[in-house]
Amino acid sequence: MIYTAILGHGTVGSGVAEIMIKHNDRVKDKVREDIAVKYILELRDFSNLTYADKFTKDFEKIVNDREVRIVAEVMGGINPAYDFVKRCLEAGKSVVTSNKELVAAKGAELLKIAAEKNVNFLFEASVGGGIPILRPMAQCLAANDINRVTGILNGTTNYILNKMIVDSMDFDTALSLAKEKGFAEKDPTADIEGHDACRKICILASLAFGKHVYPSEVKTEGISNITLDDVAYAGKFNCAIKLIARAKKLPNGKICADVAPRLVGHDNILSNVDGVFNAIVVRGDATGDVMFYGKGAGKMPTASAVVADIIDCAKHLNARKYFDWQESEEGYVVEDNSKQRFYVLAKSSDFEALDESFNTVFGESTVNIKNCDLGEIAFITDEDYEQNIKEKLKALKYDSIKLIKTLL
Ligand code: HSE
């Protein structure tokens, strides 16, 4: 018998318990050995559940029980998850987690401990919910030099943006719906301000390029600034607005990574990734672009990935898996200084002055939509360095101005 423990019984944890306990036969068949959940660590009361006898509030009981070989950490957050995961690894237990915040912050350190103890530390569920991405990237694309990863990595923001685009729903109503559906984080600021997508691109970049990319090194913008007007203008420019996370390897071996809302052309496959779905495009030198697509959030899709990791650990109790990356050195992650195109929305109470300055600075031929009644000009700049565009914009006669990056 292989005993496991689950740390946390929230949205994902309850899904993991459901699969491990209710569908135990399915899991057992895959492992080809008896496997059971011995403990569920949780402070809240779940005495009404059929498996109430498994609940404990005492982590020490789990970490000191030598029969427990695999621990699933699905609590989220850094504390106390970091301490619990570290202690379980040090005690010689394999650990699986859906906790992107933990892996993005401490991945290199925890992978090192796992290697020293000859156990596994797997985290497929930490990126893309139910989408198999980490294992395929590390294993199936192993023959490639991966030089770029681009993705829609947050289900909540993609759901909100999609509701704004398709149903003209306002931001707050769409966010409430995402919370109801169990997509959003406990504190949805992490979704809306891009931190969740940032953690996920850090994990992808670390695995793809072999050294730890930390969230503090990744320039991150969220979607709280995006209005129904922006979404409507984007549509008129044949684009959708998506929260895009990117990481690329430069010829000198350094890494650029960022997270930002971007106008994505309708001819780009990422513009059609709707609702809670995520998509990740991995570019390998041998394969070219490979796309991974599926539900990026929610109880059962995420639990599916956690249980798959438990099964993998159970099948490799005495062997290490291929997941690994090293600590990075200072200056490994640098700013992306490449040229790009921007969407600009300029507003003025004096439309004539705005229009005249626009024609002088950017020229009539710049792709634009003018709304004289509202005193607005929306336009897409030519490809240029961000600093140059900002310099040029200073000459526009506007009252307010907004810039959104593009993937054009
Ligand atoms: N809040 C996250 C999202 C959950 O919306 O994508 C999955 O990581």
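Please calculate how many Å² of accessible area the chain carries per residue, with a 1.4 Å probe and no DNA, RNA or ligand atoms counted. Could the numbers behind the result be given before it?
Working: 17640 Å² over 408 residues.
On a per-residue basis, the chain sits at 43 Å².
Among all the lysines, which ones have a C-alpha under 23 Å from residue 22's C-alpha, if same-chain residues fewer than 8 places away are not counted?
30, 38, 54, 57, 181, 295, 299, 315
Give me a comma-separated list of calculated 3J(HN,Hα) values for the stretch 343-358, in order, Karplus coefficients 6.51, -1.76, 1.60 applied at θ = phi - 60°, integers in Hz, x for any Gly or Pro.
Computed from phi, the couplings for the stretch 343-358 are 8, 10, 10, 10, 10, 8, 6, 10, 4, 4, 5, 4, 4, 4, 5, 4 Hz.
Apply the Karplus curve 6.51 cos²θ - 1.76 cosθ + 1.60, θ = phi - 60°, to the phi angles in the stretch 105-111 and return the couplings in whole Hz, x for Gly and Pro.
Here the 3J(HN,Hα) series is 8, 10, x, 4, 5, 5, 5 Hz.
Checking the table 100/211; 106/249; 100/249 against a 18 Å threshold on Cα-Cα, which pairs fail? Please list the in-between numbers first.
Working: 100/211 16 Å; 106/249 22 Å; 100/249 22 Å.
In this structure, 106/249; 100/249 lie more than 18 Å apart at Cα.
Taking residue 402 as the anchor, which lysines have their alpha carbon closer than 25 Å to its alpha carbon, excluding any fewer than eight residues away along the same chain?
163, 219, 236, 242, 339, 347, 370, 390, 392, 394
Ranked from the most accessible area to the least, with a 1.4 Å probe and all protein chains present, what is the order of 217, 383?
Values: 217 65, 383 110 Å².
These residues rank, largest area first, as 383, 217.
Protein chains only, probe 1.4 Å: how do 3, 233 rank by accessible area, largest first?
Values: 3 60, 233 15 Å².
Correct descending sequence by accessible area is 3, 233.
For the chain, what is the relative contact order in percent, using Cα pairs closer than 8 Å and at least 6 residues apart in sequence? Could the numbers behind the result be given before it?
Values: 855 pairs, mean separation 72.0, N = 408.
The normalised contact order for the chain reaches 18 percent.
What residues qualify as long-range amide H neighbours of residue 153, i.e. H under 5 Å apart, gap of 5 or more or another chain, H built at 1.01 Å from N?
245
Fully extended, how many nm does the chain gain between residue 166 and residue 180 (0.36 nm per residue separation, minus their Cα-Cα distance)?
On the way: separation 14, 0.36 × 14 = 5.04 nm, distance 1.92 nm.
Result for the pair: 3.1 nm of gain on full extension.
Could you let me know the centre-to-centre spacing of the stretch 336-408 and the stretch 131-189, using Cα atoms, in angstrom?
A separation of 29 Å, based on Cα centres.
The values are calculated or read from the model by the stated rules, or taken from the named source; none is laboratory data. What you see is a predicted model; the values in this text were computed from it and never measured. Keep in mind that these areas ignore ligands, DNA and RNA; they rest on the heavy atoms of the full protein, side chains included. Shrake-Rupley method; radii C 1.70, N 1.55, O 1.52, S 1.80 Å.
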